[in-house]
Ligand code: SAM
């Protein structure tokens, strides 16, 4: 496991000072639209800052300059929208299977003055079509176990790019996903572990290099990624 010491003070400054207007606006939108769109169980202001905003921007240093990024299962926009706010150089495509959440994502992007493509669809279907191996990075938070997630994410990534999974502890999942990673064209996996400040819990980021094309039979589709993980 690699040591990772995110500079929490720097990130909190970016959230609560440098980009305060945007993050406050996003926080207000989450609360305003939560009932209608069923977005998040986290609605208390301080928890939103730590568990959603800070947790999201921590991956920022692992994203290369100007990267084309695809997020699987954006939900209310985590981690992508906070990343967009602090990194204007990145280009995002947000994939979300629930239509209502896509409606919220479009409203939030428009109100925040951010540009990103929002695609209402399932990752396992889109990865078999135009989006296959087109992205530098594919990332996700709280969507599936790593073995399932790798089958959703790695097909989108170009050889030479990587997938980035936002996880809790993550070590056991990584162990269980080794076979899936090698079948899907994944290579070296790095596990960066850290504790959110103020007791908000253990988290980790898992970065997996893409070293060879994903064989055409993956993702398998029809729910097999979850039902019968590789
Ligand atoms: N990433 C957000 C976060 O961390 O707050 C949302 C997490 S939520 C638990 C999982 C989201 O992934 C849901 O909005 C769900 O609709 C979406 N999702 C699950 N499987 C998906 C798939 N195969 N393709 C696209 N979206 C998916």
Scanning the stretch 15-32 for residues that are in contact (Cβ under 8 Å) with a residue 40 or more places away in the chain and under 19 Å from the mean Cα position of the chain (by Cα), the one farthest from residue 102 (Cα to Cα) turns out to be 15
Checked the stretch 81-101 for anything touching a residue at least 24 places away in the same chain (Cβ under 8 Å), in contact with a strand residue (DSSP E or B) (Cβ under 8 Å, 6 or more places away or on another chain), assigned to a helix (DSSP H, G or I) and within 13 Å of the ligand (Cβ to nearest atom); matches are 83
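Taking the stated definitions as given, is residue 152 under 18 Å from the mean Cα position of the chain (by Cα) and either in a loop (DSSP other than H, G, I, E, B) or surrounded by 16 or more Cβ atoms within 10 Å (Cβ to Cβ) (or both)? Steps first, please.
Working: under 18 Å from the mean Cα position of the chain (by Cα): yes; either in a loop (DSSP other than H, G, I, E, B) or surrounded by 16 or more Cβ atoms within 10 Å (Cβ to Cβ) (or both): yes.
Yes; evaluated as a whole, the condition is true for this residue.
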For the stretch 4-14 the number of residues that are in contact (Cβ under 8 Å) with a residue 40 or more places away in the chain and surrounded by fewer than 16 Cβ atoms within 10 Å (Cβ to Cβ) is 1
Of the residues in the stretch 29-80, those that are within 11 Å of the ligand (Cβ to nearest atom) and at positive phi come to 38, 73, 75, 77
Check your understanding: Looking at this structure, is residue 124 part of a strand (DSSP E or B), within 12 Å of the ligand (Cβ to nearest atom) and in contact with a helix residue (DSSP H, G or I) (Cβ under 9 Å, 6 or more places away or on another chain)?
Key -> no
inquiry  = Going by what's in this entry, would residue 137 be described as at pLDDT 95 or above and within 16 Å of the ligand (Cβ to nearest atom)?
reply    = yes
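The values are calculated or read from the model by the stated rules, or taken from the named source; none is laboratory data. If you're wondering where the values come from, they're calculated on a predicted model, not measured in any experiment. Reconstructed Cβ throughout: ideal geometry from the backbone, glycine too, with neighbour counts over all protein chains shown.
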